[in-house]
Each structure stands twice: as C-alpha cells, then as structure tokens.
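A.B. asks: Got a structure for you, written out below as structure tokens; questions coming shortly.
The values are calculated or read from the model by the stated rules, or taken from the named source; none is laboratory data. Remember, it's a predicted structure, so these values are computed and weren't measured experimentally. Heads up, the Cβs are rebuilt from the backbone with ideal geometry, glycines too, and the neighbour counts pull from every protein chain shown.
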C-alpha cells in the first residue's frame, strides 16, 4: 500500500498504483479495496465499471472502512436525480457518520452545503466537521469555514 500511495498521483505510474490497490484488495485489505474502487470511479468508464466500484465501496464499508462508507454516499448523491434518491444518499451518509465518524461526516456536511439533501441546522456543519476530525479525517480539522473548502 505504501508504494501505491507514493505513485498514484504520477500519471506515469498511476496504472501501477491501481494494480497494487487491486492486489491489496484481493489479499483482503479493505482500504486496498476502497482505493481500487476509487481508481475505477475516478476514471468514469462504463456502467459496469461504476457498478463494480459501487459494490466494492459497499463491501469495504461493511468491513468498517470509513472512507468507503463516505464514497458509498458520494456515489448515491452524484447519481441522484429525484428527491427520493437524494434522501437515500442522505440516509446512507447519516448512518455512516453516526457509526464511523470520519470521512462520511465531512461528505454529509459538504452535501448539506450544496443544498440538495433537505433542510438542516447551519450549526450542524461545524459539528459534522468536528466529528469527522475526531474520527480521523485530517482534512476536516482546523475549523474550516465551510465543508466545501475541505475538498481538493
């Protein structure tokens, strides 16, 4: 995993990183599965590819991998077109945030700010970011003014 993290941002070696993440996943490392699914999702690809990424995130989330749980919510949100689909994304993120803290809480805060998850108390954003930070998401730490600014 260390080598994969070191080379994933370089266009010359990103393909190797994806293979290393896939191998880590095959060996049973949930974070390897999460990162492999993220590489699939980032490329876009076919409906089949995106379905594979969604299933992989869901399995990693079921294993307690926080980042995967946030990604499940992100995929639901970004595919949503109806109020019911946005409600499903919100429910997924609310549940993952409550269970795991970390990244799912920061994603939930961001999507509240984006305005498609329904009403919320504005004081909820800093609370969610604090919960994300306390759950090990360093990008949520430091009292950011908005959740959106924590995404690069």
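A.B. asks: Sort out which residues of the range 114-130 are closer than 13 Å to residue 148 by Cβ and buried (at least 16 other Cβ atoms within 10 Å of the Cβ), and write them in order of number.
C.D. replies: 125, 128, 129, listed by residue number.
A.B. asks: Same structure again: So, of the residues in the range 131-145 that are at pLDDT 95 or above and surrounded by fewer than 16 Cβ atoms within 10 Å (Cβ to Cβ), which turns out to be farthest from residue 93 (Cα to Cα)?
C.D. replies: Here the answer is 142.
A.B. asks: State all residues of the range 125-152 that are assigned to a loop (DSSP other than H, G, I, E, B) and closer than 18 Å to residue 115 by Cα; if no residue qualifies, say none.
C.D. replies: Of everything in the range 125-152, those that are assigned to a loop (DSSP other than H, G, I, E, B) and closer than 18 Å to residue 115 by Cα turn out to be 145, 146, 147, 151.
A.B. asks: Search the range 91-112 for residues being surrounded by fewer than 21 Cβ atoms within 10 Å (Cβ to Cβ) and under 14 Å from the mean Cα position of the chain (by Cα), and hand back the single one that is farthest from residue 141 (Cα to Cα).
C.D. replies: Looking at residues that are surrounded by fewer than 21 Cβ atoms within 10 Å (Cβ to Cβ) and under 14 Å from the mean Cα position of the chain (by Cα), I get 95.
A.B. asks: Are any residues in the range 99-119 touching a helix residue (DSSP H, G or I) at 6+ places or on another chain (Cβ under 7 Å) and either on the phi > 0 side of the Ramachandran plot or not in a helix (DSSP H, G or I) (or both), and if so, which ones?
C.D. replies: 101, 102, 116, 117, 118 - these are the residues of the range 99-119 that are touching a helix residue (DSSP H, G or I) at 6+ places or on another chain (Cβ under 7 Å) and either on the phi > 0 side of the Ramachandran plot or not in a helix (DSSP H, G or I) (or both).
Rundown of residues vs (1) surrounded by 14 or more Cβ atoms within 10 Å (Cβ to Cβ); (2) at pLDDT below 95, yes/no style:
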{"position": "2", "(1), (2)": "no, yes"}
{"position": "15", "(1), (2)": "no, yes"}
{"position": "31", "(1), (2)": "yes, yes"}
{"position": "47", "(1), (2)": "no, yes"}
{"position": "50", "(1), (2)": "yes, yes"}
{"position": "58", "(1), (2)": "yes, no"}
{"position": "76", "(1), (2)": "yes, no"}
{"position": "82", "(1), (2)": "no, no"}
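A.B. asks: To continue, here is another question. Quick check on residue 151: is it loosely packed, with under 14 Cβ neighbours inside 10 Å and touching a residue at least 24 places away in the same chain (Cβ under 8 Å)?
C.D. replies: Considered against the rule, which asks whether it is loosely packed, with under 14 Cβ neighbours inside 10 Å and touching a residue at least 24 places away in the same chain (Cβ under 8 Å), residue 151 comes out as yes.
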